[in-house]
Each structure stands twice: as structure tokens, then as C-alpha cells.
1. Which of the residues spanning the range 156-195 are farther than 30 Å from ASN109 by Cβ and touching a helix residue (DSSP H, G or I) at 6+ places or on another chain (Cβ under 6 Å)?
2. Given the structure, is LEU153 without any contact (Cβ under 8 Å) to a residue 40 or more places away in the chain and either in a helix (DSSP H, G or I) or in contact with a helix residue (DSSP H, G or I) (Cβ under 6 Å, 6 or more places away or on another chain) (or both)?
3. Inside the range 186-196, can you point out the residues that are under 24 Å from the mean Cα position of the chain (by Cα) and within 21 Å of GLN64 (Cβ to Cβ)?
4. Of the numbered conditions (1) loosely packed, with under 12 Cβ neighbours inside 10 Å; (2) touching a Pro at 6+ places or on another chain (Cβ under 8 Å), LYS184 fails exactly one; give the number of that condition.
Amino acid sequence: MIAVRRESANNNQRWTHGGQWKSMQKLLEKLKINSTTVYPSSRSSWRVPFGTGQRVERFLSHKQNEYLLYDPTSFDILKAWLKIFNANEIETSNQYLKSAREIHPELSNFLLEQNFEKDWNRILKNSTNSKQLAKQKQKWFDGFRTMKLIHYLRDKALPQINMFEALNGLFMQLEIRKDFFWHKKDIPNIDIQRKYLELLRELT
């Protein structure tokens, strides 16, 4: 369950929904948020299609393996794409799609399914300056489409992997080594899990 409150002198609204991506995206276009704190609820719930409540419920019922994370390679693909797409150099849709194929074939397939070629040509036609074009880039490849890409890569090429294998890979990229790192296929005990959590907290 994700709750968001917007307060102003004449307005006090509260949305409670499982991951209201579209509402959040619209909100961020209007407001500047410098800091925030999220308090996930520990109670189970099936009132929303996804979110913390459903995950807690699934974990308690042992219906599926909750010790899985997205393959970190997905985020390497995302990083490489954003570096090209957000660069100052403006390219044609064909050039962007060619670069996407070189990063990963499924990235290119995703962009094609998202009508990138048609949308980008329209954006180029309607944008009168670089500032407007940069804004349109962010609007087109927003948080919701980013989530769609990660899910697309998960379903087409990079299935989720063991949580601790994924975390070990992350820490290796950061050149962090700890004696408690878990390299077995089974799930480590709660004490080791807590050490992973504490290490993640130190990084943030």
C-alpha cells in the first residue's frame, strides 16, 4: 500500500493505491519534491493488484518465492539507453533504434512495441528548441515506461534471479566484499539477511 499526501494552503488530498504511477507522474510534473520518507505497511492485503500488502500476504502464505530480484543486467541496459537518449546530441528514430539494438535486441523490440519511431518523429516535428525537446524526452521515457521496460526485459530475456546473487553482484560492482556474503542456492538464515539489509542501509 502506497499513500501519498499533497498539502497546500487551499488543498489537502490523499491518494491510497498500490503504485499509482500515472498519478505520481502527473504530480511530479507540477510539484518539486526535494525529500520524502516512505513507511511501508507490514500488514497483508489483497485490496490492490500489487504493492507491499500483497507481497506480505504472499510471503506469509508461501505461495511463491519472494526471494527474487530483477537481474541487475536489466539496469545496465537501462543505464546505457538513458545515457544515449538523454545526451545533448539529437538523433533520428532510426539512429536511436540502431543504438538500442547494439545495447540489447530486446531493448529495440521494446521501443518498437512502444511506438517509439512514430512518437519520436512527432516530438522532433513539434519541438522548437533544445529545452522543449529535453522535456519531451523525460515525458516520453517517464517512470511508468521505465518500469515497463524492466518488466519487458524480465519476461523476454532476463528472468528474476536469487535475491542474494543479485545483491552480491551489486556489491561487487561497488567493490564491496564481506565475509557473510551468501553464495549458495538456498536462502540464508535471518541473521545473514539482516546483515545484507544493514549494508544496504549504509549505502543509502
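1. Matches in the range 156-195: PHE180, PHE181, TRP182.
2. no
3. GLN193, TYR196
4. Tallying (1) loosely packed, with under 12 Cβ neighbours inside 10 Å; (2) touching a Pro at 6+ places or on another chain (Cβ under 8 Å), LYS184 fails exactly one: (2).
Residues are listed down the side, and each one gets a yes or a no for (1) over 22 Å from the mean Cα position of the chain (by Cα); (2) in a helix (DSSP H, G or I); (3) in contact (Cβ under 8 Å) with a residue 12 or more places away in the chain:
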residue: SER108; (1), (2), (3): no, yes, no
residue: ASN121; (1), (2), (3): yes, yes, yes
residue: LEU124; (1), (2), (3): yes, yes, yes
residue: LYS131; (1), (2), (3): yes, yes, no
residue: LYS148; (1), (2), (3): no, yes, yes
residue: LEU167; (1), (2), (3): no, yes, yes
residue: ILE176; (1), (2), (3): yes, no, yes
residue: PHE181; (1), (2), (3): yes, no, yes
residue: LYS184; (1), (2), (3): yes, no, no
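Any read-out appearing in this document is the output of simple, stated calculations on the displayed coordinates, not a laboratory observation. Just so we're clear, the structure is a prediction, and the values are computed from it rather than from any experiment. So basically every Cβ, Gly included, is an ideal-geometry build from the backbone, and we count neighbours across all protein chains shown.
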